[in-house]
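The values are calculated or read from the model by the stated rules, or taken from the named source; none is laboratory data. In this text, all values refer to a predicted model and were calculated from it rather than measured experimentally. A quick note on method: Cβ atoms are made from the backbone with ideal geometry, for glycine too, and the neighbour counts reach across all protein chains shown.
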Amino acid sequence: AFDFENYHTYTEIEAFVNELAATNALVSSSVIGTTYEGRGIIMATVSTGSSSTKPVMYFECAMHAREWIAPATCLYIMNEMATKYGTDAEITAMLDYADWLITPVSNPDGYDYTWTTDRLWRKNRVPNGGICYGTDPNRNFDAGFAGPGASDNGCSDTYHGPFAFSTEEASAMRDAILANSGRVVAAISIHSYSQLWMSPYGYQSVLPADYAEMYRVMTISVNALTATYGTQFQYGNIADTIYPASGGSVDWTYDAENVVYSYALELRDTGLYGFELPPRLILPTATETFNGLKAMAQEIAAKL
Ligand code: 0X9
Ligand code: ZN
């Protein structure tokens, strides 16, 4: 059985998702894009019906390669959703209401590179012509593209790329969202670290029209997360809570597809271990995060 208390290579993660799809009637796996180095970006759909028209909750994990707690948390959530339908009342209600789409490793080339070569690599692995590699896929969405908090230097960790959606990682997510256009009610981008729950915008400090509702649900979600083990999260809009950052996925899902519950999360910790969170903290982090997301999903179901 898959070991949720340790980190896994992309090959292991792909095998797990495919096996879950083969053995669990609620789960199907698909490949939403192919990276520069030829890896398939795998997405799991957890749904009670194959021709569902339910609302969609989209979870994008590990757009940044080194943030290993993100894929670990998303795999835990995927497994909980898939294996506790019909026995756990909350999970049953969530899957009766919505389909859950989960991309556990949104940037597999970068993720693989953190296993083989450089543990702290962040971007994808597209060559930039000179000696530097990689575009930051979370600066590559068409939402304030090439604005504040993004670099036009291919050697920078926040390089936005030559044009919006130049990366397979960002365009694959765009296409997966557009394939469900009108159904997506939540789009969650999972990162580490800093313990933050954030809403649009990142590209400007101006608050969106839906900020009051975004903030209301963030408050409830963070309270549920904190109630689990006492972990403190700050929350608010991206630009003021962490820093201005343009071209991010959740600004795009909000602006382009009107997804009000578009949130970017920074999971544990606040810097003691940083990106290298010890494996013993995977389950506590995943559990509290899932509790926050369950509270969010319940609010959305009650509101919409
Ligand atoms: O800089 C980022 O992309 C994120 N922080 S991280 O340390 N994980 O790199 C924050 C992203 C905020 N979200 C958007 N700008 N959409
Ligand atoms: Zn990140």
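Observations
- Options ILE190, ILE220: the member that is under 24 Å from ALA286 (Cα atoms), in contact with a helix residue (DSSP H, G or I) (Cβ under 7 Å, 6 or more places away or on another chain) and surrounded by fewer than 24 Cβ atoms within 10 Å (Cβ to Cβ): ILE220
- Residue count, segment 150-177 (criterion: within 16 Å of ligand 2 (Cβ to nearest atom), surrounded by fewer than 20 Cβ atoms within 10 Å (Cβ to Cβ) and more than 19 Å from the chain's Cα centre (by Cα)): 2
Residues are listed down the side, and each one gets a yes or a no for (1) at pLDDT below 95; (2) part of a helix (DSSP H, G or I); (3) out of contact with any helix residue (DSSP H, G or I) (no Cβ under 8 Å at 6 or more places or on another chain); (4) surrounded by 15 or more Cβ atoms within 10 Å (Cβ to Cβ):
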residue	(1), (2), (3), (4)
ASP240	no, yes, yes, no
TYR243	no, no, yes, no
VAL250	no, yes, no, yes
THR253	no, yes, no, yes
GLY274	no, no, yes, yes
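- Residue ID - nearest to ILE282 (Cα to Cα), chosen from residues in segment 60-74 that are part of a loop (DSSP other than H, G, I, E, B) and either within 11 Å of ligand 1 (Cβ to nearest atom) or in contact with a Lys or Arg (Cβ under 8 Å, 6 or more places away or on another chain) (or both): GLU67
- In this entry, ALA93 is excluded by the filter for residues that are at pLDDT 95 or above, among the aliphatic types (A, V, I, L, M) and either assigned to a loop (DSSP other than H, G, I, E, B) or within 15 Å of ligand 2 (Cβ to nearest atom) (or both).
- A count restricted to segment 1-37 and to residues that are in a helix (DSSP H, G or I) and of a type outside the set (D, E, K, R) stands at 11.
- Within the set VAL46, VAL31, the sole residue that is buried (at least 22 other Cβ atoms within 10 Å of the Cβ), modelled with pLDDT of 95 or more, closer than 23 Å to ALA186 by Cα and of a type in the set (A, V, I, L, M, F, W, C) turns out to be VAL46.
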